[in-house]
Amino acid sequence: MRENGFVTEGSYEGPYCVGCEEFKLPGDLTAGTGDNAGKECCPVHSKPVEILKENNYFFALTKFQQPLIEHYQKNKNRIQPESAYNEVMSFLNQGLQDISMSRSSVNWGIEVPWNTEQVIYVWFDALLNYATAINYAGFADNSNPEQFNKYWPAVHLVGKDILRFHAVYWPAMLMAAGLPLPEKVFAHGWLLVGGEKMSKSKLTGIAPEQIVDHFGSDAFRYYFMRAIAFGQDGSFSWEDISARYTAELANGLGNLASRLTAMIEKYCGAVLPTPGQYQEADNAIINLVAASTKAANTAIDNFEIQQAVSATKDIIDQVNLYVTEQAPWVLAKNPENESRLHTVLYVISEALRAIAVLHHPVMPIATESLWQMLGAKESLGDLADQSIITAGDWGQLKPGSVTSKLDSLFPRLEEEPTSV
Ligand SMILES: [Zn+2]
């Protein structure tokens, strides 16, 4: 960047938040309340900012205002979701200032290579790590110079409070160095408690292990992927996660898997039966599995994780309805219905096979158990090796595979946690 002429010397004075490690623009600040009344505060940390003045090196950010605006006008999908895109464009259109990239008032840090009186600013150094950690210019490992080109450009998944670093400053630095820009910057939202960002320093955090101890890690992952649109803010509540655990996981998916394996054991000696002729109701499930898988795959490509989970849940809901309507326990009473019974059990099994593949990234433990229940490993291999793109192709489970009855995927919950 310096060799290309984008590093200059100067002095800078401005409001600085220690929590953010960032100089703030006057327009970013909020008025303090309580002990901080009359002071200007960081909007993220609600703590007073310090006024810092220093001689140091500047990065010529102003030179990149127009190139960045043009880049994002041409490539709208490089910043997601749309609210994040709009925020960055409005910031760029307000105009940029050259920005301090070194400090002289601290004696810890990475020395500026051409002036050891200064250290590289923490925000600047942190961004450089995206390149140096994957071995840009052999910084990490001289023997493997191709590593950087293999991994870069990449997608950044970041909290929305550090969007500006990743969608403005960092791409400008890359432009200055003549390197490719990020493929995409996706800004996710905050977890809110009482309308404010959940925060360790404000003690409004809920320890993840409290939730995991009660519901299990799969339900934890499922809840946050399912209940909050990726990219938006969302609130966590014990009532909501309890309700979804019971309705969607224990009664929805867990119960379906238990009923199926119990019926295959009882009616077919724990051997997956061969399906007969498909009827309209069977074809409806077959088509739904194909369509939902396609929808989930597209949603994942677009980082719409909530829609992907929801597409998979559609299959679970419809198959539960199918079980009620086809009533295999009634079919089993008359030996003349054997072929129909086998078809129905096979359709449920195949739908569960697709569900296991689609839900595996979200709930790795429960879906592994489901894979084992279906006896899928012998004919299809490891669950983790299955592809979501082909998960909707019908008829992958081999009749004759041995199924197993395992413990409930999502056991009934103990009493409600009392500490919260
Ligand atoms: Zn701050």
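When Rg and Dmax are taken over the Cα atoms of region 7-188, they come to 17.3, 57 Å. Estimated from the Cβ-Cβ distance and a Förster radius of 30 angstrom, the FRET efficiency linking K266 and D301 is about 0.15.
Sites listed here are chymotrypsin sites (Phe, Trp or Tyr not before Pro) in region 198-296 whose DSSP assignment is loop and whose Cβ has at most 16 other Cβ atoms within 10 Å: F236, Y278. For region 210-385, the pair-distance distribution built from all alpha carbon pairs, in bins 10 Å wide starting at 0, is 9, 36, 35, 16, 4, 0 percent. Note on K74 and N36: the model spin-label points, each 7 Å out from Cα along the C-beta direction, lie 4.1 nm apart. Against the main long axis of the alpha-carbon atoms of the chain, helix 280-301 sits at an angle near 10°. Would region 158-314 count as rounded, prolate or oblate if I go by the C-alpha gyration tensor, calling it rounded below 1.5 in a/c and otherwise prolate when a/b exceeds b/c, oblate otherwise? Because a/c hits 1.5 or more and a/b fails to exceed b/c, region 158-314 counts as oblate.
Look at where the Cα atoms of region 42-68 and of region 335-365 average out, and the two centres are 56 Å apart. Report note on the peptides 393-406, 134-147: ranked by the mean count of other C-beta atoms within 10 Å, highest first, their order is 393-406, 134-147. One decimal place: the segment Q147-E325 gains 58.5 nm when fully extended, by the rule 0.36 nm per residue minus the C-alpha distance. Applying a 4.7 Å Cβ-Cβ cutoff to the chain, the cysteines left without a disulfide-compatible partner are C41, C268. Summing charges over all other residues whose Cβ lies under 12 Å from the Cβ of A376, with Lys and Arg as +1 and Asp and Glu as -1, gives -2. Restricting to DSSP H runs of at least four residues, report the calculated mean residue ellipticity at 222 nm for the chain, -39500 (n - 2.57) per run over all residues, nearest 500 deg cm²/dmol. Theoretical 222 nm ellipticity from helices: -12500 deg cm²/dmol. Taken over the chain, the ratio of Cα radius of gyration to 2.2 N^0.38 Å equals 1.26.
Over all other residues within a Cβ to Cβ distance under 14 Å of P364, the charged ones net out to -3, with Lys and Arg as +1 and Asp and Glu as -1.
Considering every alpha-carbon pair of region 1-45, the percent of pairs per 10 Å bin, from zero through the bin containing the longest distance, is 23, 38, 23, 12, 4. Placing a pseudo-label 7 Å from each Cα along the Cα-to-Cβ vector at K377 and S83 gives an inter-label distance of 4.3 nm. For region 139-147, what does the Karplus curve 6.51 cos²θ - 1.76 cosθ + 1.60, with θ = phi - 60°, yield as ³J(HN,Hα) per residue in whole Hz, taken in order and with x for Gly and Pro? After applying 6.51 cos²θ - 1.76 cosθ + 1.60, I find 4, 9, 7, 4, 7, 10, x, 7, 4 Hz. Measuring between their Cα centroids, region 77-114 and region 219-236 lie 29 Å from each other. Over 32 Å apart at the Cα level, from the set K294/K405; K63/K184; K39/K76, are K39/K76. With R₀ fixed at 56 Å, the C-beta to C-beta distance from S387 to N55 puts the FRET efficiency at about 0.50.
Once the Cα atoms are used to define both axes, helix 82-94 deviates from the longest principal axis of the chain by about 10 degrees.
We did not get these values from a lab; they are worked out from the coordinates using the rules stated. Because the structure is a prediction, the values reported are computed rather than measured. Backbone-built Cβ (ideal geometry, glycine too); neighbour counts: all protein chains shown.
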